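The values are calculated or read from the model by the stated rules, or taken from the named source; none is laboratory data. Predicted model only: the values in this text are computed from it and were never measured. Neighbour counts are summed over all protein chains in view; Cβ atoms, including those assigned to glycine, are modelled from backbone coordinates with ideal geometry.
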Amino acid sequence: MDIKDFIAPFAVWKRAFEKPFTVKKPIDERPGAPRYRGFHMNDADACVGCGTCEAICMNNAIDLVPAAGREAKDGDSGLRPRIDYGRCCWCALCVDICPSGSLSMSNEYVWIDRDPDVFRYVPGVEAKPWDGSALGYRRAEGYRLLDEDRVPMPELGHAEAVASFLELVRGYSRAQAEKEADRCVSCGLCIASCPAHMDIPGYIKAVRDGDMDEGLRLLYETNPFPEACGRVCTHRCEEACSIGSGGDPVAIRWLKRYIADQVELSDYAKALPRGAAPSGKKVAIVGAGPGGLSAAYYLSMQGHAVTVFEAEEAAGGMLRYGIPEYRLPYPALDKDIGYIESLGVSISRGVSIGKDIELSKLRTDFDAVYLSTGLPVAYGLEVPGEDHPRVLDGVAVLARATRGEELGLGGRVAVIGGGNVAMDAARTALRHGATVDILYRRREEDMPADADEVREAKAEGARLVEKAIPLEVRDAPDAAGEAALFIWNEATMVQKEPGKRPVPEPIPGAVREGRYDSIIAAIGQGPDLSFIAESDGVPVKRFRPVVDSFGMATRAAGGAPVFAGGDLVNDRKDAISAIADGHRAAIGIDRLLYGKGA
Amino acid sequence: MNELAKELAGRYGARGWHDIRKDLASVEVDAIRIRDVMAYLRDEAGYGHLSFMTAIDNIERGAFTLSYALRDHDARRGLIVHADVDRAEPTVDSIHLLWGQAWTYQREMREWFGIDFPGSPRVDEEFVLEGWEGPPMMRRDFDSLAYSDATYAERPGRVTHDPASHMREKLYPEAAQ
């Protein structure tokens, strides 16, 4: 016997106070693995209620329900997913697909209750103990079921673009369009944000299916200007796009253009519905812009005989005279207008209501009148020297460019303003070889112009001078009438009232000046209401006709009812809103003519 | 490695040798040769260990791809052998006599993909899906939603909302007219 044999039994006692390797029973806590797929969590503020989780769920375990305290608004349905754990199989596809990335899973999996109905709840809205848990399943970094990147749009390079009036955006090929259309999850959040409430998921599906006739039919249900809107729409839909909550929004505008570009005008009639039988009613429309012609299209579909009166020598309104051809080529616009005319809509070009024909005569000769005259009068700079011969009006410059007239802007041009007209005027001047300064009284981020337009204007070589308050325009020394001095005051942005946007305040003494051959004022436009006489009975408040929800301004005795819409009436002042107004008025006029809405 | 690739190609018509990493490669063989290839790799090429086996449903080309992951512990290298089997008639030789643990994997694949391994012990017994009567659920044409709709009752009180219709109702109800 060895001495060790005696000691060994006692030697194990030294382990008695060490931490055991085995698990102590009974087991009280059973923590899930760090990436365990347990009960769901949802960041209800980041969630946009698109329902993609519901659509992908393989077990029909998710419902979208109104969430307390959340209202529907642009880009958010106000709905949130409710999960039924009687069906959930914990596969986490909902987490993997979630466009906003708001949905995740905790690693909590133990929950005992006698009431089976509690296992159905709205994560992030109904508080649960595991809310905010750092552990659990998250979509892995870089792992996406949805493509967060938009298919790049082929565009001219800036150097090439500025040398000509060629269209900048080239348009998608079939493969590109179908790939981009594939990114859409058909949630429909965009529809509410579109002023015309176009069936966007529907026509994107048509692109995916390669069914252009169906796509065109869906476009024309709410918008007879797909070529124009497919290029220059303010695309509020894309701001609402759920895919945009976690990546680039779907290129909705460009997919619209793709559909319209694919179908030849001669094939439109095959794809689009026929109009109703002639009603025997006549409607006059004042202004052949997008709003007026939209009303004309829908009225003509309802069988009414439509005559559109246009003061300019060509139809299209601001789409033709306000938007340069590198953004909207005339053949594309002519295609939209050509189809409307092909339905029998008559456009009297070069006829000015109020000069050539009185409004009262239209009220006598027609069964209804729609006013869609827009905002043709440019605001002045309202500083001393604003009537200097070298101070030009932005809209007029763009219109002259459309007509192909010599602009004579000179080599150095200042554009005053921050809207789309300012950007278009600046880029037109650049294409005429000028060096261009854009002066704006606030900051770049305050500019009402589309961000794309501002970015492109800068890329093409325009210099942006922010926080410049116009003070005066003076004759340039030694070049009276040929060039002008533009004098401005540098400003600083001051937050005057909380919650409102900051106001530019001049910095004392910081007065600057620049010498320019032309100064293009593009600081907004107003209406010309001179053609409306008091006897026409159209109520006007703050320089706008007052209308009801269908756009009706008056049905006073002594003539046909008068409707109005477009920039003349609405606040949004873009083509798609004018088109929506025109459609609404067409419905209103139709109801009135048939005595439906009386 | 290239020696082995040539050897496998010459003996068993193996193809598509692909070096995934310095110490890991894959190769494709015909399913009919799988037992011979495995025996050779185990006894002659040093791949003494079967790490795992699994299957992939390549429904597009009408095949299940069986994947056998082998390991040579001495040389510290791995080899994955792929073999396509006809999806319409998925039957493959069992390798449980080469590696005893293979029967467990084969029983799993029988249950989850419906691939048969004749002679493999207990291959037709339930593996993890107790009482399962549906089609093999790892097949990609298994419609999970249709299965749960047909199998499980809907709890009363469930209601859902379409985002677009809900927003129209709340934001522009006049368009619904």
task = Within the stretch A:444-470, count every residue that is under 17 Å from A:Met493 (Cα atoms), surrounded by 16 or more Cβ atoms within 10 Å (Cβ to Cβ) and touching a residue at least 40 places away in the same chain (Cβ under 8 Å).
result = 2
ask   = Is there a residue in the stretch A:151-166 that is at pLDDT below 95 and of a type in the set (Val, Ile, Thr)?
value = yes
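For every residue, the table says whether it meets (1) part of a strand (DSSP E or B); (2) closer than 21 Å to A:Val421 by Cα; (3) aromatic (Phe, Trp, Tyr); (4) in contact with a Lys or Arg (Cβ under 8 Å, 6 or more places away or on another chain).
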position: A:Glu445; (1), (2), (3), (4): no, yes, no, no
position: A:Arg455; (1), (2), (3), (4): no, yes, no, no
position: A:Lys458; (1), (2), (3), (4): no, yes, no, no
position: A:Leu464; (1), (2), (3), (4): yes, yes, no, yes
position: A:Ile469; (1), (2), (3), (4): yes, yes, no, yes
position: A:Arg474; (1), (2), (3), (4): yes, no, no, no
position: A:Asp478; (1), (2), (3), (4): no, no, no, no
query = Of the conditions (1) more than 10 Å from every other protein chain (Cβ to nearest Cβ); (2) part of a loop (DSSP other than H, G, I, E, B); (3) not β-branched (Val, Ile, Thr), B:Ala150 fails just one. Which one is it?
reply = (2)
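Of the residues A:Gly49, A:Gly69, which single one is assigned to a loop (DSSP other than H, G, I, E, B) and touching a Ser or Thr at 6+ places or on another chain (Cβ under 6 Å)? I'd like the intermediate steps shown before the answer.
On the way: A:Gly69 fails: touching a Ser or Thr at 6+ places or on another chain (Cβ under 6 Å).
Among A:Gly49, A:Gly69, only A:Gly49 is assigned to a loop (DSSP other than H, G, I, E, B) and touching a Ser or Thr at 6+ places or on another chain (Cβ under 6 Å).
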key: Selection count, the stretch B:138-147, where residues are more than 10 Å from chain A (Cβ to nearest Cβ) and surrounded by 13 or more Cβ atoms within 10 Å (Cβ to Cβ)   = 2
task = Give me the pairs, please: first residue somewhere in the stretch B:27-46 and within 10 Å of B:Tyr12 (Cα to Cα), second residue anywhere and part of a helix (DSSP H, G or I) and of a type in the set (Phe, Trp, Tyr), beta-carbon distance under 7 Å, and either six or more positions apart or on two chains.
result = B:Val29/B:Tyr12; B:Arg33/B:Tyr12; B:Asp36/B:Tyr12; B:Val37/B:Tyr12
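Collect the residues in the stretch A:167-217 that are part of a loop (DSSP other than H, G, I, E, B) and within 14 Å of chain B (Cβ to nearest Cβ), keeping them in residue-number order.
A:Cys184, A:Val185, A:Ser186, A:Cys187, A:Gly188, A:Cys194, A:Pro195, A:Ala196, A:His197, A:Met198, A:Asp199
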ask   = Counting only residues that are surrounded by 12 or more Cβ atoms within 10 Å (Cβ to Cβ) and not small (Gly, Ala, Ser), which one in the stretch B:167-177 is farthest from the other protein chains (Cβ to nearest Cβ)?
value = B:Glu169
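Table: residues versus (1) of a type in the set (Phe, Trp, Tyr); (2) surrounded by fewer than 24 Cβ atoms within 10 Å (Cβ to Cβ); (3) farther than 18 Å from A:Glu167 by Cα; (4) in contact with a His (Cβ under 7 Å, 6 or more places away or on another chain).
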| residue | (1), (2), (3), (4) |
| --- | --- |
| A:His304 | no, no, yes, no |
| A:Glu312 | no, yes, yes, no |
| A:Ala315 | no, no, yes, no |
| A:Leu319 | no, no, no, no |
| A:Gly322 | no, no, no, no |
| A:Tyr326 | yes, yes, no, no |
| A:Pro329 | no, yes, no, no |
| A:Ile337 | no, no, yes, no |
query = Could you say whether any residue in the stretch A:405-415 is crowded, with 24+ Cβ neighbours inside 10 Å, outside any strand (DSSP E or B) and charged (D, E, K, R)?
reply = no
ask   = Which of the following residues is surrounded by 14 or more Cβ atoms within 10 Å (Cβ to Cβ) and either touching a residue at least 24 places away in the same chain (Cβ under 8 Å) or away from chain B (no Cβ under 14 Å) (or both): A:Arg37, A:Arg30?
value = A:Arg37
query = Before we move on, is B:Val159 at the interface with chain A (Cβ under 7 Å from one of its Cβ atoms) and either more than 24 Å from A:Pro201 (Cβ to Cβ) or of a type outside the set (Phe, Trp, Tyr) (or both)?
reply = yes
remark   = Residue hits (the stretch B:155-166; over 18 Å from A:Val122 (Cα atoms) and surrounded by fewer than 16 Cβ atoms within 10 Å (Cβ to Cβ)) are B:Ser165
key: Verdict on A:Pro129 being part of a loop (DSSP other than H, G, I, E, B), touching a residue at least 40 places away in the same chain (Cβ under 8 Å) and either away from every other protein chain (no Cβ under 14 Å) or of a type in the set (Lys, Arg) (or both)   = no
ask   = What are the pairs, 6+ residues apart or on separate chains, where a residue within the stretch A:245-263 that is at pLDDT below 95 has its Cβ under 6 Å from a residue that is among the aliphatic types (A, V, I, L, M)?
value = A:Ser245/A:Val48
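For (1) crowded, with 18+ Cβ neighbours inside 10 Å; (2) of a type in the set (Gly, Ala, Ser); (3) free of Cβ contacts under 8 Å to residues at least 24 places away in the same chain, each residue gets a yes or a no:
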{"position": "A:Gln495", "(1), (2), (3)": "no, no, yes"}
{"position": "A:Pro539", "(1), (2), (3)": "no, no, yes"}
{"position": "A:Val547", "(1), (2), (3)": "yes, no, yes"}
{"position": "A:Phe550", "(1), (2), (3)": "yes, no, no"}
query = Which of the residues belonging to the stretch A:134-151 are under 18 Å from A:Asp248 (Cα atoms) and buried (at least 17 other Cβ atoms within 10 Å of the Cβ)?
reply = A:Leu146, A:Arg150, A:Val151
request  = Test A:Pro226 against the criterion of being away from chain B (no Cβ under 14 Å), out of contact with any Cys (no Cβ under 7 Å at 6 or more places or on another chain), surrounded by fewer than 19 Cβ atoms within 10 Å (Cβ to Cβ) and farther than 30 Å from A:Arg80 by Cα, and give yes or no.
outcome  = no
Single unsatisfied condition, A:Val207 versus (1) in contact with an Asp or Glu (Cβ under 7 Å, 6 or more places away or on another chain); (2) within 22 Å of A:Ser300 (Cβ to Cβ); (3) buried (at least 24 other Cβ atoms within 10 Å of the Cβ) = (2)
Tally, over the stretch A:97-126, of residues that are surrounded by fewer than 18 Cβ atoms within 10 Å (Cβ to Cβ), more than 14 Å from every other protein chain (Cβ to nearest Cβ) and in a helix (DSSP H, G or I) = 0
query = Can you name every residue in the stretch A:509-556 that is of a type in the set (D, E, K, R) and within 14 Å of chain B (Cβ to nearest Cβ)?
reply = A:Asp548
Residue, farthest from the other protein chains (Cβ to nearest Cβ), within the stretch A:73-92, restricted to residues that are buried (at least 21 other Cβ atoms within 10 Å of the Cβ) and of a type in the set (A, V, I, L, M) = A:Ile83
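Among the helices (runs of 4 or more DSSP H) contained in the stretch A:290-390, which hold 2 or more residues that are over 31 Å from the mean Cα position of the chain (by Cα)? Give the derivation first.
Working: elements: A:290-301, A:318-321, A:330-342, A:359-365.
Per the criteria, A:359-365.
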key: Number of the exception - A:Asp5 against (1) part of a loop (DSSP other than H, G, I, E, B); (2) among the acidic types (Asp, Glu); (3) more than 14 Å from chain B (Cβ to nearest Cβ)   = (1)
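Got a sec? Which of A:Ile83, A:Ile97, A:Ile112 is closer than 30 Å to A:His235 by Cβ and of a type in the set (A, V, I, L, M)?
A:Ile97
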